[in-house]
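Contents: one structure, followed by commentary.
The values are calculated or read from the model by the stated rules, or taken from the named source; none is laboratory data. Note that the structure is a prediction, hence the values are computed from the model and not measured. Cβ coordinates were reconstructed from backbone atoms using ideal geometry, including for glycine residues, and neighbour counts include every protein chain displayed. Side chains included, ligands, DNA and RNA excluded: accessible areas come from the protein's heavy atoms. Shrake-Rupley method; radii C 1.70, N 1.55, O 1.52, S 1.80 Å.
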Amino acid sequence: MTEPLRLGVVGLGRAFMLMLPTLAHHPLVRLVAAADPREEARRQFESDFSRAGAPARAYDSVERLCADDAVEALYIASPHQFHVAHVRLAAAHGKHVLVEKPMALTIADCQAMIEAADAGGVHLLVGHSHSYDAPYLSTAELIRSGRFGRARMITASNHTDFLYRPRRPEELDTAQGGGVVFSQGAHQVDIVRLLGGGLVSTVRATTGRFDPARPTEGAYQALLVFADGASATLTYSGYGRYDSDEQLGWIGEMGQPRDPESYGTARRGLAEVSTPEEEAALKNTRTYGVAKSPVAAPTAALGHNHFGPITVCCELADLRPLAEGVMVYADDRRWLEALPAPTVPRAEVVDELYAAVRSGIAPLHCGAWGMATLEVCLAILESGRTGREIALQHQVAPG
C-alpha cells in the first residue's frame, strides 16, 4: 500500500481553510501536526485529525513543530513576511516544504529560501497556485505536444470581489504584501507563464487604486512578452462589480456552483463594519477554529478550479481551458478535450508534492519557478509606478 506523506501545517488561517478539503481527503497525505498561536485553532486541529493510537499534535510555535519527528513535510501558510524564516527553519530540520504563494515579497528572500532548501537537501514547492489546476496543466501538455503549433498570444482576465472580502490592515498595504498583485497576480502570472513557456522577457503594466478606502492595488493590466516573441495580456479587477464567472456558466473559482443573485454580497457585508478592528474580527470568523471546519467529505464540484477566462492562440488552433476540460478550436472543427471530474479539490498540489518527496521527481512548482513568478508580479508593480517597460532576469522554463 502507498504510505501517505505525513504533513505538518504552519498557520491555521484562511489559506489553510481553502486547502483543508484537499489535505483532509487526499489519500496520499495525512495531517499529523500543526502550529498556530491561536488556542482555539490548535484544539480544533487536534480534534479533527487525531486517530486511535495516532494523536495529531498542535503546537504554539513553529520551532516545536519542526522538531516533531513524525512530520515529513510542512505546508507553510503563515503570512507572507514570515515565509523566509519558516522555510529556513523547516529546511534546517530536514522537512520538505510546500509554501503558500506568493513565495515571498523580495527576490532576495526567494533566493534565501532556495539556498536553505538546497542546503537542507529538501524539496521546496510553491503553492497552491491555480497553475496546478488540471485544465491548465492539460492545456500546457497540448501546447508542448506540437499538435497545434507554438503558443503565440494569450489573453487572461478575471473580475472578482477580492478587495471587498474582509481584510486585516496589512492586506491593504502593498508594502506588506497586500493588494491584488501579490495575492491574485501570483495565480494569473503562474498560469500564463506555464502556458507561454515560462521565459518572460519584459513586462509593461498599469495598476489601479480606485477606492481611497482600500488604499492598495485593486486592479491591474499587464503585457508580458516572452523570449520567443509570444505575448500575453493580463487583466484583473477585484472591485466587486462585474463577475467574470458569468462567462464560465457560473462555475466558481473552486469549481463550485455560483448564484448570480448573490450580486454585491461582499460589499454589503463590508458595509456593516466601521473600523479596521471590526473588519479583522469579521475575517477571523472565516478562519479555522472559529468557522465550521470543512473536514467532512467535500461537496461534489461542478468542475475543476479555474482563474477566469483564458484563451491561448496557437499557430494552428485556439485553446480555452475550462472547468470541465480544454476546448480546442481548429480550422475546420471544435471539440472538448474532456477531463474527469475532480474527486478531491486541488488534488494536483498533493500529487506533485508526493511525487517529489517519495519518488524524487523534480517538481514543476519549485522554488526557482515561484521566484520567477514573483519577479513578474514585482515588475507589474514597478511598471505601474514608473510607466516603464521592465526587463526580467530570473525567469525559468517549466521543468
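Structure values in brief
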quantity: Residue in the range 145-165 that is under 30 Å from Gly229 (Cβ atoms) and without any contact (Cβ under 8 Å) to a residue 12 or more places away in the chain present; calculated: yes
quantity: Candidate set: the range 154-171, residues that are farther than 26 Å from Thr275 by Cα and more than 18 Å from the chain's Cα centre (by Cα); chosen: the one most open to solvent (accessible area, probe 1.4 Å); calculated: Thr155
quantity: Sole exception among (1) surrounded by fewer than 23 Cβ atoms within 10 Å (Cβ to Cβ); (2) hydroxyl-bearing (Ser, Thr, Tyr); (3) under 18 Å from the mean Cα position of the chain (by Cα) for Thr373, by number; calculated: (1)
quantity: Test for Ala24: is it open to solvent by 20 Å² or more (accessible area, probe 1.4 Å), touching an Asp or Glu at 6+ places or on another chain (Cβ under 7 Å) and in contact (Cβ under 8 Å) with a residue 60 or more places away in the chain; calculated: no
quantity: Ala281 being more than 23 Å from the chain's Cα centre (by Cα) and modelled with pLDDT under 95; calculated: yes
quantity: Segments classed as strands (runs of 3 or more DSSP E), wholly inside the range 283-399, with at least 3 members that are among the hydroxyl-bearing types (Ser, Thr, Tyr) and within 26 Å of Arg88 (Cα to Cα); calculated: none
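Okay, residues lined up against (1) in contact with a strand residue (DSSP E or B) (Cβ under 9 Å, 6 or more places away or on another chain); (2) under 23 Å from Val273 (Cα atoms):
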{"residue": "Arg209", "(1), (2)": "yes, yes"}
{"residue": "Pro212", "(1), (2)": "no, yes"}
{"residue": "Thr216", "(1), (2)": "no, yes"}
{"residue": "Val225", "(1), (2)": "yes, no"}
{"residue": "Ser231", "(1), (2)": "yes, no"}
{"residue": "Leu234", "(1), (2)": "yes, no"}
{"residue": "Ser237", "(1), (2)": "yes, yes"}
{"residue": "Asp245", "(1), (2)": "yes, no"}
{"residue": "Gly255", "(1), (2)": "no, no"}
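Yes or no, residue by residue, for (1) under 18 Å from Gly197 (Cα atoms); (2) out of contact with any strand residue (DSSP E or B) (no Cβ under 7 Å at 6 or more places or on another chain); (3) surrounded by fewer than 16 Cβ atoms within 10 Å (Cβ to Cβ):
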site	(1), (2), (3)
Val350	no, no, no
Ala356	no, no, no
Gly360	no, yes, yes
Pro363	yes, no, no
Ala368	yes, yes, no
Cys377	yes, yes, no
Arg385	no, yes, yes
Arg388	no, yes, yes
Leu392	yes, no, no
